[in-house]
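Encoded as structure tokens, the structure appears first; notes follow it.
The values are calculated or read from the model by the stated rules, or taken from the named source; none is laboratory data. Keep in mind it's a predicted model, so treat the numbers as computed, not measured. Using ideal geometry, Cβ is built from the backbone for each residue, glycine included, and neighbour counts are taken over all protein chains shown. Just so you know, the surface numbers come from the protein's heavy atoms only, side chains and all, with ligands and any DNA or RNA stripped out. Shrake-Rupley method; radii C 1.70, N 1.55, O 1.52, S 1.80 Å.
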Amino acid sequence: KEDLNAKSIHGDRVRMECGDAITELTEKKHVQEIELTRVDSSMDELQKHIQDDYGLGYEDCLPFKVEEYNPESGELEISKLKRRIINLGSINENAIEDAQELSKTYNERKKQRDDLVNSLNDTEQIIKEMSAKMVEGFDSCFEQIRHNFQETFVQLFNGGSADLELIDNEDPLQRGVEIIAQPPSKKLQSISLLSGGEKTLTSVAVLFAILKLRPMPFCLLDEIEAALDDANVGRVAEMLKQFSSKTQLIAITHRKPTMEQADSLYGVTMEEKGVSTIVSVHLADAVKSATSVAVEE
């Protein structure tokens, strides 16, 4: 009986100790469950904070994970980055679309610019080639005009000599031309030193030198011999007659030697006061009529 009582007392003590241990473990489990809930809540809050501030989820943050992290240096780095973000200004949510549109516009403008540059280069090349041909043609024509001028000058002045010289210039097509003339019994000199009549004859010689190279279909001359004496007018008229076979020449003049070489004369008369009448005479027909009358007589 005593042994049974002892065992009963021992069993009660063991049950009491087990109950106390279970109670202690239950309380500890409850505390740990509360702590786990707090940690989960803190993690949720941290994830929400990272999502709101940086737009990143848990998986997105894994590449930035480091084994050793110093919170103080981390906070300092975060502050620096936030300041840099603030300095960047407001965020353009359409930046990608705007960049794509700008890139498209840039490519179109670049293509247009390249086309214009290529066209400009082609045009410059054409101008360069044409300029070279023009210089070559000019030099060839100038030499012929120069030779013709020397001949017409001697014919008009009945002697003497003359020449044409190109004035040096970097641009061959912008070179000037200097006229050197030496009338009979005078020194070779620039045209600016000649008398009025000599200048006129020299200018006429240049005109005929050009016409001799390339005859024009039509040419109007307005009193080109007004400053000349009758002898020189006669030589100019004879040369006009020579060129009239290839060029239709109309000369406005009051000089008789020129009129004598003309095929037709046109004038204005006023038979009645205030009434002008145009009179024309075809000299070839007039000469034939005069010849016929002379033969009949």
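When Val233 is tested against (1) in a helix (DSSP H, G or I); (2) farther than 20 Å from Ser244 by Cα, just one condition goes unmet, and that condition is (2). With respect to Asp163, determine if the residue is among the acidic types (Asp, Glu), free of Cβ contacts under 8 Å to residues at least 24 places away in the same chain and either closer than 30 Å to Ile250 by Cβ or in a strand (DSSP E or B) (or both). Criteria met by Asp163. Pairs are defined by a Cβ separation below 6 Å, a sequence spacing of at least 6 or placement on different chains, a first member in segment 216-239 that is in contact (Cβ under 8 Å) with a residue 12 or more places away in the chain and open to solvent by less than 70 Å² (accessible area, probe 1.4 Å), and a second member that is among the small types (Gly, Ala, Ser) and part of a strand (DSSP E or B); the pairs so defined are Leu221/Ala251. Summed over segment 54-101, the residues that are over 19 Å from Met43 (Cβ atoms), open to solvent by less than 90 Å² (accessible area, probe 1.4 Å) and assigned to a helix (DSSP H, G or I) give a count of 7.
Residue pairs whose Cβ atoms lie under 6 Å apart, separated by 6 or more positions or on different chains, with the first residue in segment 129-158 and open to solvent by 80 Å² or more (accessible area, probe 1.4 Å) and the second among the hydrophobic types (A, V, I, L, M, F, W, C), are Gln144/Leu213. Condition first: open to solvent by 30 Å² or more (accessible area, probe 1.4 Å) and of a type in the set (A, V, I, L, M, F, W, C). Now tell me which residues in segment 175-206 satisfy that. Matches in segment 175-206: Val177, Ile179, Leu188, Ile191, Leu193, Val206.
When the residues of segment 270-294 are filtered to those that are touching a strand residue (DSSP E or B) at 6+ places or on another chain (Cβ under 7 Å) and open to solvent by less than 70 Å² (accessible area, probe 1.4 Å), which remaining residue is modelled with the lowest pLDDT? That would be Leu283. Looking only at residues of segment 240-255 that are touching a residue at least 24 places away in the same chain (Cβ under 8 Å) and not aliphatic (A, V, I, L, M), we find that the one that is surrounded by the fewest Cβ atoms within 10 Å (Cβ to Cβ) is His254. Considered as a group, the residues in segment 192-206 that are among the aliphatic types (A, V, I, L, M) and touching a residue at least 12 places away in the same chain (Cβ under 8 Å) include one that is farthest from Val233 (Cα to Cα), and that residue is Leu194.
When Ile191 is tested against (1) out of contact with any Lys or Arg (no Cβ under 7 Å at 6 or more places or on another chain); (2) within 23 Å of Leu240 (Cα to Cα); (3) not basic (Lys, Arg), exactly one condition is not met: (1).
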